[in-house]
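Worksheet: the structure to be examined is printed underneath.
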Amino acid sequence: MKPHLLELRYDIEQHGFDSISLSETWLKPATPNRLIPVPGYRILRNDRPDGRGYGGVAVLVRDALDVTVIDSPDCQTEGSKLETLWVQIRVGKRKAMLCSLYRPPVQTTARISADLDELERQVQHILTRRSGLILLTGDVNINMADNNNSTASNRFRELLSTYSLQQHIRGPTYEPSGSTIDVICSNGSVVRSGSLHCDFSPHRWTRAIVTVPTFRPVHCSLTARCWRKLDVVEAGRLLESSDWTPVFESADPEAQWDYFVSVTLPIIDRLAPAKRSRARNPTAPPVTDATKELMSRRRSALRDGNRALYKDLNRRVKAAIRRDTSEELQRRIAAAGRSSLWRTIRPVISAKQPSRPMPTADADTMNNYFASVGTQDRSPGGLIRA
């Protein structure tokens with residue numbers, strides 16, 4: 001996933017997916033999410049625990065949608081190497097259970113049977129505990145083409161039929177072999193389904209539009225004040241002319257603070273009013289027409305089966321995207337000034353943002369703390385006496 005992050009973000013921007021199921025992410029558990037940012041989306045992962053960086057599954061869901069991870073059965077079926085991640089996505093009053101799965105390409109009868117038994121056990125686990133739409137998505141490494149009647153494909157079709165699931169993807173999804181190994185299965189109806197060419201993978205994008213109630217995701221917004229427009233002189237005049245007698249006459253810190261806020265806040269609202277603005281996060285990397293032409297040539301080379309040319313063009317496309325991104329960042333910084341450096345590059349590097357704990361101190365504790373500042377000497381001399 002990491003080597004193709006920019007291209008992934010570009011495709012997501014082009015196609016406008018609400019949720020994305022990713023197979024073979026090749027992420028290590030030690031890799032934090034901040035190093036694989038997809039602005040506007042939340043990522044949930046299930047990496048291989050061995051730390052080698054192979055396999056793995058993940059789900060990307062828009063920030064505006066409510067998503068939670070669903071626990072799978074504790075013990076895995078003996079002999080199974082199936083990798084799954086179950087999440088619940090809530091849309092309005094309806095919810096969908098989405099499974100991102102990856103079955104390693106081992107085609108022995110014992111392995112196929114163990115993997116499908118494990119998948120069936122997980123589906124049963126979900127059905128007995130939750131209600132709603134179920135979606136199975138990912139790379140099963142079983143050719144589900146209509147003309148394929150192998151033992152593995154028939155066994156998988158039998159599993160789907162047992163739980164009223166339908167496989168919505170028709171046509172090849174793995175271009176080198178022309179097989180249909182990437183699936184989207186559900187127990188509901190879809191408006192449209194199919195596959196799209198993917199520039200950075202031999203697998204095609206498989207997509208489906210699922211029937212859901214009318215729902216408009218809540219846009220992210222920010223409320224802030226523009227302190228640069230604050231008239232400091234006028235603010236000082238208004239504060240000086242205010243009646244502060246209740247502050248000095250009261251012995252209760254909470255009452256003093258409440259009065260201070262009641263006087264100060266209207267002045268701030270008048271001189272620097274809080275404004276609400278919609279947050280617009282850039283998702284796709286900027287690419288020039290020359291880079292798009294390279295991507296088109298790469299797509300043609302992959303379609304024609306010219307692997308040598310494809311690899312060469314793939315390296316050139318990656319370099320071109322990095323160059324375009326660097327030039328765009330430099331252009332923004334030059335236009336907005338050096339002071340915008342951090343604001344411009346922060347969405348790209350996606351710095352870690354730890355959660356802030358809520359303060360628990362009451363007014364008396366805060367008052368005692370601030371009153372003690374400067375009265376204690378941290379040198380061996382001890383205390384400073386007034």
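Please sort 34-41, 130-137 by packing, taking for each peptide the average over its residues of neighbouring beta carbons within 10 angstrom, highest first.
130-137, 34-41
Find out how many positive minus negative residues lie around Asn306, taking Lys and Arg as positive, Asp and Glu as negative, among other residues whose Cβ is under 15 Å from that of Asn306.
Working: positive: Arg297, Arg298, Arg299, Arg303, Arg307, Lys311, Arg315, Arg316; negative: Glu175, Asp199, Asp304, Asp312.
Once all neighbours under 15 Å are counted, the net charge is +4.
Let me check I've understood the local charge: for Ser150, count other residues with C-beta under 15 angstrom from its C-beta, Lys and Arg +1, Asp and Glu -1. What total comes out?
Cβ neighbours under 15 Å give a net charge of +1.
Would you mind ranking Ser72, Ser242 so that the residue whose beta carbon has the fewest other beta carbons within 10 Å leads the list?
Details: Ser72 17, Ser242 14.
So the ranking, lowest neighbour count to highest, is Ser242, Ser72.
Return the distance in nm (one decimal) between the two label points of a simple spin-label model at Phe17 and Val191, each offset 7 Å from Cα along Cα→Cβ.
Distance between label points: 1.8 nm.
Take the alpha-carbon centre of region 135-206, take the same for region 218-275, and report the distance between them in whole Å.
If you average the Cα positions of each part, the centres end up 61 Å apart.
Output needed: percent of Cα pairs per 10 Å distance bin for the chain, bins running from 0 to the one holding the longest distance.
4, 16, 23, 20, 14, 10, 8, 4, 1, 0
Could you tell me what percent of the DSSP beta bridges with both partners in the chain are antiparallel, to the nearest 5?
85
Suppose we take every Cα in region 2-210 and form the convex hull; what volume per residue is that in Å³?
Once divided by residue count, the hull of region 2-210 is 126 Å³.
Say the cut-off is 27 Å between C-alpha atoms; which of Lys2/Lys275; Lys81/Lys311; Lys95/Lys318; Lys2/Lys93; Lys2/Lys311 go over it? Spell out each step's value before the answer.
Details: Lys2/Lys275 37 Å; Lys81/Lys311 31 Å; Lys95/Lys318 38 Å; Lys2/Lys93 35 Å; Lys2/Lys311 18 Å.
Over 27 Å apart, Cα to Cα: Lys2/Lys275; Lys81/Lys311; Lys95/Lys318; Lys2/Lys93.
Note down the magnitude of the dipole of region 289-349 about its Cα centre, charges +1 on Lys and Arg C-beta and -1 on Asp and Glu C-beta and zero elsewhere, to the nearest 20 debye.
200
Using packing as a proxy for protection, rank 256-262, 146-152, 99-105 so that the peptide with the highest average count of other Cβ atoms within 10 Å comes first.
Order by mean packing, descending: 99-105, 256-262, 146-152.
Once you have the Cα-Cα distance between Val233 and Arg331, take 0.36 nm times their residue separation minus that, and quote the gain in nm to one decimal.
Net length gain for the segment: 31.6 nm.
Values quoted throughout were computed directly from the atomic coordinates according to the rules given, and no laboratory measurement underlies them. Since we're looking at a predicted model, the values are computed, not measured. In this analysis, Cβ positions are derived from the backbone assuming ideal geometry, glycine residues included, and neighbour counts consider all displayed protein chains.
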